[in-house]
1. Peptides 267-277, 469-479: what's the order by average Cβ count within 10 Å, highest mean first?
2. For the range 141-257, what does the relative contact order come out to in percent, with C-alpha contacts under 8 Å and a separation of six or more?
3. Which of rounded, prolate or oblate describes the range 414-760 when judged by the alpha-carbon gyration tensor and an a/c cut-off of 1.5?
4. What length, rounded to one decimal in nm, is gained on full extension from residue 557 through to residue 694, with 0.36 nm per residue of separation minus their alpha-carbon distance?
5. Please report 167, 121 as a ranked list, fewest other C-beta atoms within 10 angstrom at the top and most at the bottom.
6. What do you get when you divide the Cα radius of gyration of the range 342-410 by 2.2 N^0.38 Å, with N the number of residues?
7. Estimate the FRET efficiency between residue 501 and residue 355 by the formula 1/(1 + (r/R0)^6), using the beta-carbon distance for r and 45 Å for R0, to the nearest 0.05.
8. Can you give me the distance in nm between label points at residue 651 and residue 739, each placed 7 Å from the Cα along the Cα-to-Cβ direction?
């Protein structure tokens, strides 16, 4: 009996000692004996980096700004219930019934040495992710880490609801390919929001939680599918789906819609690059409630932009379709040219361009930082190395010297395009180049190129506003000279027509439609260059415009951004609206921290702007933009139309105001087209002005740029949800200037048909 009592005493002593020891271990862990523990404030606000989102006007995520964590938090109600069910089924079956530690699973893991499943609950995994870190290989450290997980898990369960814990867990996990959190992962792998995931899609993502590198659906689709099916089996076992549903879903393939979210990929890459600069400036001037500056890469800002994702997609498609076609022709014409891609250059000039490009390259910058001398760097540029270069058929792995790669890239024609609503200034589409990964220079905002005849509407608008001229007013098509020093020019200025044809009388409408320089010279002489330059400045042009007569022919270098913004005033009753790209910014809590304010200015009268529009309509009816309407491709002899003017015929029937522009030697091709609620400008040219087509039939704005506009507008019109207008421009209530030239008795003018043939290269 005494022996029995002694044994009972020893049992309870050991039991009590065990309990006390366990309590003591937990107590020591809680006070930080095994390492720092999060306090109440840290548990309340666990430090997590959140990516800032760029959101389109139609509520699509265009991209994100982040360092290492492409993470966008979402709420519990935004997660598909099937995703929650899958998570609990495979990771923590008793999640809703335990206090953070599953004693049953823990005992099972101890007895069977983890051979029948682990014991980490979802809450413990969250604790490890937020506060403990990667499990150590040192056995003692691993044990202390586990104890800390238990303590933190219990604290988390007291601090948060079960739904909040699930949400936090799904928000922090790294699914690979910059997919931090369930929202990013859903966007990347399936191009949809978490709420829209199907059962099998949810199961695949939850299956990746065990090891996203191992269960990689891009590189290892088969084992990822097997893991997904295991999740489906567990969902069936826990009665979240039926056995019949499980059997059906198991047979489905992994159907991905992979959309990478890197800084150099995706939609609107050039716009996102511009926006990064905008946000850098904004974050440097604005502070959070704690007086610290906002961090674009970790603070989870939501940047609401004016970009329409559909229009952006159509714009990028249109640029690509035409540039592939145009580039093919450019290569054909340069195939036998020894100085390709340069034309009309001396050997010394060519060498200067190549050296300048070499010194501006990233390779030169990095070599310089490494301590290499200029001579050593130049020598390295002549040594062949392995590299990947761009082509319109996909990237090419090759061996090439860096200097040869620079020349290779200079063969590619570049493009810039911007589309804007003239009523509110909202920029709807922004395409800064042909491929952001390989050509990062933005040709919307940064690039400034000679604008040619696209400047002439500013001249005509000034003349109409000051002199009340009508499109029906006529001037002689004769060489007109402005004497020396009248407007500061030291020599007589006597511009000629590109066709070198003269004679007869021309209406202003006919003259603008056919870009007659003789008429422009007479108009600039009547109004003077300063008022024209002032008008352009009032229309938002910030680049230098000298007060000289030559501006009448479009000598200034301006950006696509400036030109589209300025043209917008013509479609907005003479009111300039500064282009808007960001409507508002919210912090991670949804508080608005920035709201855009429209910047407008009355520049010219409604009457004058409307008359200018009617002049520009003439360009697309019987001038250099007429190919938007006609169809002459049946003529098999017309190589340009059949092979280079992509998407032709366009056959637009609605009112379109527009202007082409072609600079000297066809170095720059422009087209700016307008309908009542959309103004779109396009520029195409080489990186250097010596890179261009030999003939105007190929190098004019109507061939290089207009097709992009035509392709884009046809895509927009096909999408009725965009509501792009086909209506006429609204006529002002007061219109005293005569627009109907049939009512005006005029002498016979030069044959318009011949003008069009000259300009279109079909004569």
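1. Ranked by mean Cβ neighbours within 10 Å, highest first: 267-277, 469-479.
2. Once divided by the residue count of the range 141-257, the mean separation gives 17 percent.
3. Rounded shape, in that the Cα axes give a/c under 1.5.
4. Residue separation times 0.36 nm, minus the Cα-Cα distance, leaves 47.1 nm.
5. If I rank by nearby Cβ atoms, fewest first, I get 167, 121.
6. Cα Rg divided by the expected 2.2 N^0.38 Å: 1.19.
7. The pair residue 501/residue 355 has a calculated efficiency of 0.60.
8. 2.7 nm
Throughout, read-outs are computed from the coordinates displayed, never taken from laboratory work. Computed from a predicted structure; not experimentally measured. No Cβ is skipped: glycine too gets one built from the backbone with ideal geometry, and neighbour counts run over all protein chains shown.
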